[in-house]
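Contents: one structure, followed by commentary.
The values are calculated or read from the model by the stated rules, or taken from the named source; none is laboratory data. This structure is a prediction, so every number in the text was calculated from the model and none was measured. Glycine gets a Cβ as well: all are built from the backbone with ideal geometry, and neighbour counts include every protein chain shown. We work out accessible area using only protein heavy atoms, side chains counted, and drop any ligands, DNA or RNA first. Shrake-Rupley method; radii C 1.70, N 1.55, O 1.52, S 1.80 Å.
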Amino acid sequence: MKKAMLVMCAALGVTLSFSSCSKDPLKDMTEEESRIYVTNYDDSVNFSSYRTFSIVDSVAVATNTNERRALTDYDKQLIQDVTRSLEARGYTRVDRAAKPDLAVNLTRIDNTYSAVYYNPGYWSGIGGYYDPFYWGFPGYGYYWPSYYQVYQQERAVSIDMVDLKNPRNNQLVAVWNAMLRGSGVWNVSNVNSMVSAVFEQSAYLKATNN
Amino acid sequence: MKSIKLWILLVAASLGVHSAFSQVRSPLSINADYSVAQPFGSLKDYANKTSFRGWRAGIQYQLNDQLAIGIRSGFQEFYERVPRAVYADKGTDISAVQTRTLQVTPILATVQYQLTKPDAAVIPYVGLGIGTANMVYNKYYGQFTDRYNSWQFAASPEIGINIPFGKGSPVLFNASVQYSYSPYKQQEITSYNVLQGNVGLRVHIN
């Protein structure tokens, strides 16, 4: 029986060493492969009912502890690429004083060091990176239809488009949102490909129905 | 730990029914096999690659010359990486490289019937395993995963051969083909259907 126990122990050892042989999908993944581009949209909205947009002149940087605005090379590139993409879809960029139909907010989110559930709803009415005064809607927050799910545990970039034309009950509705998540989303050389990806998958985003 | 207790109980119970039979080799044996598995049906749609990451091991007690009972566990991993594509849902589109994995760890009670006497040069057998399987489903979108862990009923009929290394040798070569089924439902998987080939050794120890 002693021999049997020995063999059983050996078998158990083999079992344990084998069970660690599973493949780790994250190990052989490039930065490009690690990234996901998520777009959310309000499917009750006809995006060709908008004509004009205005975009923030700097990018909000949100961390768990504070928010600030920045205009690094990355931020300039992001503003430029989003602007060009919207113009290519037939929207006209106007000054924010010219009553644009859509407001575009850009936010870099950094939750690298402490993970939290990130509820975009908490942007509502918070000055700093969403400044209702900036858009000429003092006292208005903007809210998200409930199907928007965002969970953050890392660096991310959010592009939000808010309907300024049709406020509902003293609130503005975010009608479109793009989240860039994964490795390298804060790297300036990736901005072009990330922005084209989110517009490519949002074919409905155009100023005319043609 | 639970499964080891079960093994010991099973062995103890089977000692009670230990009847006299022509003893070519000792009744208690352990076995270990390398396994290659081919998914079918909806599992193939989820991860279509043949899995070369698998093994199984068990312990078996010979009740008489031809009938044996035992317990068996193992591991099999299915894996496929899908190039970047856009996945659409209501109001949401996700562009991602998907990595789909399913890790399966069965724990089965087994019964095996040998079609020849134990002193034959080649011992064909049929077997059936019934029990449970731990299913760990991970669908990665880029580096983010959608993970589900559950236990399911599992059944696994099998045919195979044992070839002793010499007459009466306690060490036998094993080769078998088994079909594994589980009514496992997760996302796009509507049931678990796998054809699995096993090659390994059986050693009679006591």
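Residue check: is B:R72 in contact with a Leu (Cβ under 6 Å, 6 or more places away or on another chain) and open to solvent by less than 30 Å² (accessible area, probe 1.4 Å)?
The answer is yes for B:R72.
Please determine, by comparing only the residues of the range B:183-203 that are open to solvent by 20 Å² or more (accessible area, probe 1.4 Å) and within 14 Å of another protein chain (Cβ to nearest Cβ), which one is nearest to the chain's Cα centre (by Cα).
Taking the candidates together, the pick is B:L201.
Give the residue that is modelled with the highest pLDDT, with candidates limited to residues of the range A:34-56 that are in a loop (DSSP other than H, G, I, E, B), open to solvent by less than 70 Å² (accessible area, probe 1.4 Å) and over 22 Å from A:L78 (Cβ atoms).
Residue satisfying both the conditions and the ranking: A:V45.
Exactly one condition in (1) open to solvent by 10 Å² or more (accessible area, probe 1.4 Å); (2) modelled with pLDDT of 55 or more; (3) among the charged types (D, E, K, R) is not met by A:D163; state its number.
Result: A:D163 passes all but (1).
Would you mind stating whether A:L102 is modelled with pLDDT under 95 and open to solvent by 40 Å² or more (accessible area, probe 1.4 Å)?
So A:L102 does not fit the description; no.
I'm told B:V86 meets every condition in (1) within 11 Å of chain A (Cβ to nearest Cβ); (2) touching a residue at least 60 places away in the same chain (Cβ under 8 Å); (3) surrounded by fewer than 17 Cβ atoms within 10 Å (Cβ to Cβ) except one. Can you identify the failing condition by its number?
It fails just one condition, (2).
So that you can scan it fast, the table gives a plain yes or no per residue for (1) within 27 Å of A:D28 (Cα to Cα); (2) within 11 Å of another protein chain (Cβ to nearest Cβ):
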| residue | (1), (2) |
| --- | --- |
| B:A57 | no, yes |
| B:I71 | no, no |
| B:E80 | yes, yes |
| B:Q98 | yes, yes |
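In the range A:179-200, what count of residues is obtained for those that are part of a loop (DSSP other than H, G, I, E, B), open to solvent by 20 Å² or more (accessible area, probe 1.4 Å) and in contact with a strand residue (DSSP E or B) (Cβ under 6 Å, 6 or more places away or on another chain)?
Residues in the range A:179-200 being part of a loop (DSSP other than H, G, I, E, B), open to solvent by 20 Å² or more (accessible area, probe 1.4 Å) and in contact with a strand residue (DSSP E or B) (Cβ under 6 Å, 6 or more places away or on another chain): 1 in total.
Could you identify the single residue in B:L108, B:L115 that is in contact with a Gly (Cβ under 8 Å, 6 or more places away or on another chain) and away from every other protein chain (no Cβ under 14 Å)?
Selected residue: B:L108, the only one of B:L108, B:L115 that is in contact with a Gly (Cβ under 8 Å, 6 or more places away or on another chain) and away from every other protein chain (no Cβ under 14 Å).
Considering the range A:19-33 alone, what residues qualify as being farther than 15 Å from B:N138 by Cα, open to solvent by less than 50 Å² (accessible area, probe 1.4 Å) and modelled with pLDDT of 75 or more?
Residues satisfying the conditions are A:M29, A:E33.
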